[in-house]
Every structure is written in structure tokens, then in C-alpha cells.
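What follows is a short report on a single structure.
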Amino acid sequence: MPSTTENRDEVLCRRYVSEKISTVQLGLDFGLSEIRVRQILKSRNVSVKDRTPGLAEGDRVVSPLHLKLGKKLLTYRSLELGVDRPFLGEKMGWSIQKLASVEKGTFNMTILDLNDLAKLFETTPARLLEVAAIVAPVDSDDSKGSTP
């Protein structure tokens, strides 16, 4: 990781242009918000692609993790459980809109929402994140449970 802000910005721009790394991934790599990454690129006159054409501000994917968990929920709800959104939403105590947004990865979930998902999948939040391949396995008895 670069030692100064100037070096960081230079490396960030190079990776965006040369390596075609997305603004979301650069944000994750550098510990910055996607908005800040875009500001840095624009300040250095780098042409930045539109975030997500055709989507309204509230319909942008929050993060790769949110998208992955949402897809997993959608698949589980529709293929494994075979239920519709109103049924599952009521079971989880979520509105239909919230459930739809979570499935699309556009809802910024809280830890309580993650707990709701873990209960649905009959596992723990830690295990749910492991299965989504976002965090390293947690070495404790709490992380054991069925795979969602």
C-alpha cells in the first residue's frame, strides 16, 4: 500500500486505467468509499465510467458482499423453499420491498438483518459470511452450522 496520499492516488489511477479494476474493488482495496475513489479519479482527469446505467440512486448495489448474499437469498427462496416474497417477508418480519432490495444487493443490511438471514439458513452470521467467501473461516464453535 502506498505511503502517501499522493502515491496512493497515483497507484489507484494506474490500477483503474491499466488493470481495469472497478471503482468498487479499488475502494475495498484502498479502504475508501466508491464515491471517494471516483472523486480521486475525476480530480486527476481520468475518464470514469457511469456507475450502473439505468439504475436509480437507491438501486445501486451496496457492495459485492451484499450482491452475493442477495443472490444466495433469492436462489434459496425461489428454488429451495419455493415461496414468494410476501410469504418469506412475513416469515422474516421484513417488508416485500426490503426483501426485494436485499435480493438485488441494494439494501444496506445491518447486523440484525444478517442475523435474520442466518436464522433463515439455519446457521450463524459468521458461517453465512464464510460461505459467501468474503471472510476467512472463524475458528470457534459458534461458526459451526449447516451450510446455507
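Rule-based calculations on the coordinates, nothing more; no lab input. Owing to the predicted nature of the structure, the values given are computational and were not obtained by experimental measurement.
Based on the reciprocal of the average 1/r between different C-alpha atoms, the Kirkwood radius for the range 59-143 equals 13.0 Å.
Applying a threshold of 30 Å to the alpha-carbon distances of Lys20/Lys104; Lys20/Lys68; Lys42/Lys72; Lys20/Lys98 flags Lys42/Lys72; Lys20/Lys98 as lying beyond it. Shown in residue order for the range 96-101 are the 3J(HN,Hα) couplings computed by the Karplus curve 6.51 cos²θ - 1.76 cosθ + 1.60 at θ = phi - 60°: 4, 5, 5, 4, 4, 5 Hz (x for Gly and Pro). Please list 3J(HN,Hα) in residue order for the range 24-34, calculated via the Karplus relation 6.51 cos²θ - 1.76 cosθ + 1.60 where θ = phi - 60°; whole Hz, with x for glycine and proline. Here the 3J(HN,Hα) series is 5, 5, 4, x, 5, 5, 9, x, 10, 6, 4 Hz.
In order along the range 72-77, the phi-based Karplus estimate (6.51 cos²θ - 1.76 cosθ + 1.60, θ = phi - 60°) of 3J(HN,Hα) comes to 5, 5, 4, 4, 4, 5 Hz; Gly and Pro are listed as x.
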